[in-house]
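This report concerns only the one structure given below.
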Amino acid sequence: MSSLLDAYAEVAGRDVVSHLQQLTSPLKGMKVVHVNSTRTGGGVAEILEKLVPLSAELGLDARWEVISGSDEFYQCTKAMHNALQGLAAPISRPLLDAYEETNRDNAEELRALLEEADFVFIHDPQPAPLLGLCSARRGRWVWRCHIDASRPYRPVWRYLREHVAAYDASVFSLPDFAQALPHPEYIIPPSIDPLSDKNIDLPQDEMEQVRQEFGLDPERPVVLQVSRFDRFKDPVGVIEAQRLARKFVPGLQLVLAGGSAADDPEGEAVLSEVRSAAGDDPDIKVLLLPPDAHRKINALQRTADIVIQKSIKEGFGLTVTEGLWKGKPVIGGDTGGIRLQVVNYHTGFLVRTPQGAALRIRYLLQSRDRMAQMGSKARQFVRENFLLTRHLREYLTLMVGLHYGARYRIELG
Ligand code: UDP
């Protein structure tokens, strides 16, 4: 077994890697190309960075191509992203022209590769027009939408739909995120990479260092929420929950960790609401972390007794997955993808109010055995459902299905 496959077998299980190998066998040597618009930054790049080498080690001829374009192109795709998420703002014709032109330019470079590929995965709206520009394509093309397109701004969706309707299939992250399209649609939820800095096991002294850096007392319980400072994440509600729970759990510490909100005016406003709600309480730490503080977030998640994600509205909620993976029960808002991950009384608790969150914090901290049992179920639940290996397994299954249709049957050993 190769080193990468070995590393995943160690953390996800040998049977999981063996299933991947069995699923790949009818696809051996096939050319798979993933296309997106950035090599670094953002969840899509993070996933592809591992998914593509892993596919290659399994025996696929897998590649990752990145398109690039003018400022107008990025302005246009940013506007498209916002519109898919519901912002009612039209996109001007000159911006759409730049979008189409960038795709034409990139098609010149990529056409030979894409036309001869067996499978092409086009991620998000940026490279969507490539299909229409590769008229001699021979493989199956899949549009992989990572965005919550449940309530798109219609005029922009109608435009984009013209580009994606001709694909052989599309993939959305959650059923709620999908739009009707004239081809098979699949649901493949997101995943975390257990070998990334954000999720890998850490040495005890690194966790101790982080505890000291942020002034956390190891003798007293810690509740943690990691989130952008956004009202939908309800950080002020988390403070209220901590204050209520503290009456029964003396010395309870709360950490709210988020990124600097300097380039986000709304984030700035939420941060000041959070600061004023926290006041000068020494047991509420509001941390502003740089965007690459992955190991620190990892250490905080491992140091915490309970992870909370009290969102009022949420896409999938990767912070929930990350917390569960660290063996912590998660108290999560009863919304969006949090519902897929938090199973009441098993991996955590779903709540709707600060009072509900406080009640669950109190319950868990006063039932340590129960908390440990739930924590180990939480980790197991992520191992089975939300690791990168499951994500890849579903892509492989999709490829076998698209290529062979009903003609091929795989018995997994
Ligand atoms: N995150 C981070 N720094 C922060 C806040 C969040 O690195 O200050 C990470 C977090 O660990 C998670 C992702 O950003 O991996 C947030 O994903 P999620 O789905 O929870 O929420 P979103 O921000 O996409 O709404």
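None of the figures in this text is laboratory data; all of them are computed from the coordinates on show. The structure presented is a predicted model; accordingly, all values stated were derived computationally and were not measured. Neighbour counts are summed over all protein chains in view; Cβ atoms, including those assigned to glycine, are modelled from backbone coordinates with ideal geometry.
What to note about this one:
- Label-point separation in nm, Ser25 to Arg93, each point 7 Å along Cα→Cβ: 5.8
- Among Gln204, Gln380, Gln309, residue whose mean-square fluctuation peaks in a GNM of the chain (springs only between Cα atoms under 10 Å): Gln204
- Under a 5 Å amide H cut-off, with hydrogens placed 1.01 Å from N, Leu387 pairs with Ile192 among residues at least 5 apart or on other chains.
- Sorted from longest to shortest, the spans of the Cα atoms of the range 34-147 along the three principal axes equal 44, 30, 21 Å.
- Of every Cα-Cα pair in the range 281-413, the percent that sits beyond 18 Å: 61
- Gaussian network model of the chain, springs between alpha carbon atoms under 10 Å - residue of Pro221, Pro182, Pro235 with greatest fluctuation: Pro182
- Of all the options Gln355, Gln225, Gln242, the one that moves most in a Gaussian network model of the chain with Cα springs shorter than 10 angstrom is Gln355.
- Set of the range 223-247 residues, backbone N closer than 20 Å to the point 7 Å along the Cα-Cβ line of Arg352: 232-242
- In terms of overall dimensions, the range 314-387 has a Cα radius of gyration and Dmax of 11.3, 32 angstrom.
- Estimated at 0.36 nm per residue, the fully extended path between Val66 and Arg161 surpasses their Cα-Cα distance by 32.0 nm.
- Considering only the chain, percent of DSSP beta bridges that pair antiparallel, nearest 5: 0
- Cα-centre dipole for the chain with unit charges at Cβ (Lys and Arg positive, Asp and Glu negative), debye to 20: 1460
- Amide H contacts under 5 Å for Leu287: Leu256, Ala257, Gly258, restricted to partners 5 or more places along the chain or on a different chain, H placed in the peptide plane at 1.01 Å from N.
- Hydrodynamic radius of the chain by the Kirkwood approach over all distinct alpha-carbon pairs: 22.8 Å.
- Projection of the Cα convex hull of the range 175-271, averaged over all directions and equal to a quarter of that hull's surface, yields 10.3 nm².
- If R0 is taken as 30 Å, the Cβ-Cβ distance between Asp264 and Glu10 corresponds to a FRET efficiency of 0.20.
- √(5λ) per eigenvalue of the Cα gyration tensor, the range 114-235, largest first, Å: 42, 19, 11
- Near Ala178, no amide H atom lies under 5 Å from its own; only residues 5 or more places off or on other chains count, and H is placed 1.01 Å from N.
- The range 195-248 and the range 62-138 have their alpha-carbon centroids 39 Å apart.
- Per residue, the convex hull spanned by the alpha carbons of the range 350-403 comes to 92 Å³.
- For the range 393-408, putting each phi into the Karplus relation 6.51 cos²θ - 1.76 cosθ + 1.60 with θ = phi - 60° gives couplings of 4, 6, 5, 5, 4, 4, 5, 4, x, 5, 7, 9, x, 7, 6, 10 Hz, in residue order, rounded to whole numbers and with x for Gly and Pro.
- Positive dipole terminus of the chain, leading residue within Tyr186, Ala299, Ala128 (C-beta point charges): Tyr186
- A simple charge model with +1 on the Cβ of Lys and Arg, -1 on the Cβ of Asp and Glu and nothing else charged puts the dipole of the range 228-358 at about 500 debye relative to its Cα centre.
- Note on the range 36-98: percent of Cα-Cα distances in each 10 Å bin, starting at 0 and stopping at the bin with the largest distance, equals 20, 37, 27, 15, 2.
- Spin-label model distance (nm) - Leu288 vs Lys313, 7 Å beyond Cα toward Cβ: 2.6
- Each other residue within a Cβ distance under 13 Å of Gly356 adds +1 if Lys or Arg and -1 if Asp or Glu, for a net charge of +1.
- Each Lys or Arg adds one and each Asp or Glu subtracts one; over the other residues with Cβ under 13 Å from the Cβ of Gln373, this totals +4.
- Residue-span extension gain [Glu109 to Gln373] - 0.36 nm each, minus C-alpha spacing: 89.7 nm
- Loop GluC sites (Glu not before Pro), the range 170-259 (other Cβ atoms within 10 Å of the site Cβ: 15 or fewer; DSSP): Glu219
- C-alpha center-to-center spacing [the range 315-368, the range 1-51] in angstrom: 29
- Summing charges over all other residues whose Cβ lies under 12 Å from the Cβ of Ser37, with Lys and Arg as +1 and Asp and Glu as -1, gives 0.
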